[in-house]
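Some notes on the structure that comes next.
The values are calculated or read from the model by the stated rules, or taken from the named source; none is laboratory data. Owing to the predicted nature of the structure, the values given are computational and were not obtained by experimental measurement. Cβ atoms come from the backbone with ideal geometry, glycine included; neighbour counts cover every protein chain shown. Ligands, DNA and RNA are excluded from the accessible area calculation, which covers all protein heavy atoms including side chains. Shrake-Rupley method; radii C 1.70, N 1.55, O 1.52, S 1.80 Å.
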Amino acid sequence: MVELAVDKHVKYILSVEKNKDSFESVVMDHLRMNGAYWGLTALDLLGKLDSVNVDEVISWILKCQHESGGFSGNIGHDPHILYTLSAVQVLALFNKLDVLDIDKVATYITGLQNEDGSFSGDMWGEVDTRFSYIAICCLSILCCLDKINVEKAVSYILSCKNLDGGFGCTPGGESHAGQIFCCVGALALTGSLHYVDKDLLGWWLCERQVKSGGLNGRPEKLPDVCYSWWVLSSLIMIDRVHWIDKEKLVKFILDCQDVENGGISDRPDDAVDVYHTYFGVAGIYCHSAHLLAIVLFICFHEFNMRNSVYDARYCCRTLTSQLSRTESH
Amino acid sequence: MDLLNQLETILESDPLIDEVGLIHPSQFITLSKECNESSNSSADGAFRPANTKFWNRDHKLGISTEILLPLCKAAKSAFMDAMKQYKTHSDLSVNKHEDKNMVYGPSSSCQSFESEVMKHSRALLLLSCDLGTAWNARKLVVLKKQQLPMFTDELHLSALVLSYSHKSEQAWSHRRWVIKMIAGKYSNLQQIIAKESELVEKIAERSKMNYRAWNHRCWLVSYMTREQMLYELKKSRDWAGLHVADNSCFHYRRRLMLGISENKQGDDPSYDVENYEVVKEELDLNEALIKRYIGREALWLHRRFLSLCLIRHLMTTTHGISCHSTSVDNEINIFLDKELRLLDSCLTIQDMEFEDSEAQAMYSTMYFLWLIKQIPEFRKIELQEKLKAGNLKNILHKTCPERSFLWDVLEL
């Protein structure tokens, strides 16, 4: 069986950052903060986080912070909740949350909650359950979930639930694996998973697995590595991961690797990118160590400590090495 | 003239451009030849187009892939500079206003910064459509001006971006922002909604299962009147029949149906009848499509929703009182028997050798199992009997062994 080409992927991720003169890198430049999170987390999961210069990354992140407390995707751009979470996550990854004025970041996020409990992505008011998840996840990492109205936030998310058990962006929006991950994640972080009909949602989610073993994000769509991650982690959170064929899924993800040059693509034989590399790596690790369950439950929810993310990854690494030892025996 | 300047001049001189696309340099020659032939002149084999960077004709704009990178870089730096100057200037004028000793009208320099921001952000967004900062800059300027033509311009630009980047989240979101701004103030909201709905349909035709586009259409439903919802349901019927794999379109219909059923003014019983008819008609349409297009997941998922709606409707009388009367039982039984016959026909007629038929058998089986899960507890026993007779468990094992655990989940 094909294995995860760890060294190749590390090389690929590090090369992405150096290649700045392509059209792709120019048009992606405004979301560099997300890219940093995907790339660095993948490196961490691969055990190679020490190959980057921490001080450089941190000083760049701080240059992206605005007066409002929010972060932009790169220097000179407008702040948005999407990039604020990535910034906080990267800092947590390096165990450097202490460089932040936490109140200021929390005030920015709190200010984005609307009367009905939903969250806007920025001052221009677009509402989406993704932003609810981001707000809740970010405040959980910063240990100040009590600054928002959690009850209203939860009831807004529940108002986006459909008859098929899934969730959409806003009330009445189509069920979508990415949105489901966000809603289930937000409910998990706020201890509200009992509102979910787990069998019904699990049913919809497990029907995302197609013949090749990959998972799609919506009915009739092609399988995709990133959706494999959203579905898989949602199934883990609602304790229904045994409803899919994990061996087939792992094989699908491994088939999406560029074994020569490194990197993972959305599906076999497509071009690789850092986004799918992260989700692919995460999916593989998730399979063996239930990473997400650990991150969400042990750390954010139960311990709720400031350096929880760091601990989670430590935890995960220990578990992964234990598992690989068990498997080799 | 530099590249950015050329692009901006074209955009200014032809405000009616309604489509943008990228062209490979080799295509310029082909395009020029075609035009040459159609516009009379001599068929000279060695024809060379005058401009191999931009193509602009019949309000269509083509940009050469060759110049994409330098053009995008130039647009970005021009926009960033303009924005910096604009912000510095507006900060200054705010400070001056606080002074209150002098009265300031809109200074000409401020206006020129504004128009620079608008000019460069337009060019930039055509090249890099998800650059939120550029969309935001436009919002900032438009909001300050509060003029209807400017809002309309924004809808036009966003439609232009969507003409080649159908999924641009920022472009869709910008539309919603504009609509929220002008709704009630300047225009007839119902007209805007109708126009938006048409735009989504046009884009959905070109890009299948486009979540962002359909999500926009679903968003519109909350602003619709009951009549409009009924009209939209009727209007999207044929489209749905021609795009049976597009789950998003069926979801839009579900959204409309829920909107219609929730839209009750007072206790008018005629609404109940109408709502029931809407569900019945959709079930009939769905059954016809299921029989015509074999093995389509979206159709079977839609049926789950419809059956559930119908059963729920039957369970509540017109006065909204939940009842267990024999007549309701009868109606539900009749319905379920009908569904069992549909299941039967899907399982027996086909030749399982074909992939479509195999899919049809699997989806129909899963449909029925799902229905059992969703049906209230007290009806499960009678259903169980029917299923035993129908030998569903064996069929499940045969058609989709990987899902056979669901049988145990149902605790049948």
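Annotations for the structure displayed:
- Close amide H pairs (under 5 Å, H built 1.01 Å from N) link residue B:22 with B:63, residues at least 5 positions away or on another chain.
- In chain A, the calculated helix contribution to ellipticity at 222 nm averages -16000 deg cm²/dmol per residue, counting -39,500 (n - 2.57) for every DSSP H run with n ≥ 4.
- Over 23 Å between alpha carbons, listed pairs A:211/B:280; A:104/B:76; B:119/B:144; B:208/B:235; B:202/B:235: A:211/B:280; A:104/B:76
- Heavy-atom accessible surface of chain B: percent carbon and sulfur, 1.4 Å: 53 percent
- For segment A:140-203 and segment A:30-85, distance of Cα centres in Å: 26 Å
- Once C-alpha pairs closer than 8 Å and six or more residues apart are averaged by separation and normalised to the residue number of segment A:6-318, the relative contact order reads 17 percent.
- Relative to the longest principal axis of the Cα atoms of chain B, the long axis of helix B:247-262 makes an angle of roughly 70 degrees.
- Size of charge dipole - the protein assembly as shown - debye, nearest 20, with Cβ of Lys, Arg +1 and Asp, Glu -1, no other charges: 500 debye
- Solvent-accessible area buried by B and A, counting both chains, probe 1.4 angstrom, square angstrom: 4200 Å²
- Three principal axis lengths of segment A:22-73 [C-alpha, angstrom, descending]: 34, 28, 15
- Summing Lys and Arg as +1 and Asp and Glu as -1 over all other residues whose Cβ lies under 13 Å from the Cβ of residue A:216 gives a net charge of 0.
- Accessible area of segment A:6-318 divided out per residue, in Å², using a probe of 1.4 angstrom: 36 Å²
- Taking the chain by itself as reference, segment B:271-311 contains these residues with an accessible-area loss of 50 Å² or more in the full protein complex (1.4 Å probe, heavy atoms): B:297.
- Our compactness index for the protein assembly as shown, the C-alpha radius of gyration over the empirical 2.2 N^0.38 Å, is 1.03.
- Once the Cα gyration tensor of segment A:6-318 is diagonalised, semi-axes √(5λ) in Å: 26, 26, 18
- A simple spin-label model places the labels of residue B:330 and residue B:207 5.3 nm from each other, with each point 7 Å out along Cα-to-Cβ.
- For chain B, dividing the convex hull volume of the Cα atoms by the residue count gives 232 Å³ per residue.
- Those residues of segment B:177-223 for which accessible area with every protein chain present is at least 20 Å² below the isolated value (1.4 Å probe): B:177, B:180, B:209, B:211, B:212, B:215
- With both residues required to sit in the protein assembly as shown, DSSP beta bridges show an antiparallel share near 70%.
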